[in-house]
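Each remark here refers to the structure printed beneath this line.
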Amino acid sequence: MTVILTDCNNDVSMVTETNESHLLIIEDDQGRKEFPLEKTIYSLGRDRECNIRLISHFVSRRHATLVRMQQGDNNGYSNSYYYRIVDGDAKGKPSANGLMINGRKMPVHNLKNEDEIVFGPKVRAIYYLLKNTQVCRQTDDAEYDITLINPGMTDDENIED
């Protein structure tokens, strides 16, 4: 998201940029793994062909699907997005054990920061939505006075060591 604010004279502007990143941290039988989420769709499960492989006998081969969804605003314009987790594979076949999200069994859930997803015993994930906001101040050229100094113009005798 970029917001541009200008003063009455149109000579100073502020630009605010919010960069979002999405992270899924998985804990399974092999330990802890971090997955930065950037793709449109992810498959999660025990199958070797899953984008995010979960190592446990209690997890279905195609246990869940993550789908990136566009975040809409009032005008329908936005460059941010969120992830929706759906129980089962992309064809609609549900997993054997389902999903527990924040302690509740749910077939579908729009993920929010720090949501906990439990796939089975000792297999869980935590979703993080990380926001990095930067503010840059832009000004016109008249604000800066750049003076170049020739090294030969300085008096080296007045410099104390």
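Which peptide among 86-92, 62-68 comes first, and what is the full order, when sorted by highest mean count of other Cβ atoms within 10 Å?
The most tightly packed comes first, giving 62-68, 86-92.
I want the local charge near SER43. Using Cβ-Cβ distances under 9 Å, sum +1 for each Lys or Arg and -1 for each Asp or Glu among the other residues.
So the surrounding residues net to -2.
For the stretch 20-129, what relative contact order do you get, as a whole percent, if you take Cα pairs closer than 8 Å and at least 6 residues apart?
So the answer I get is 25 percent.
Each reported figure results from applying straightforward, stated rules to the coordinates on display, with no laboratory input. Keep in mind that what you see is a predicted model, and the values were worked out from it rather than measured. Glycine also receives a Cβ, built like all others from the backbone with ideal geometry; neighbour counts cover every protein chain displayed.
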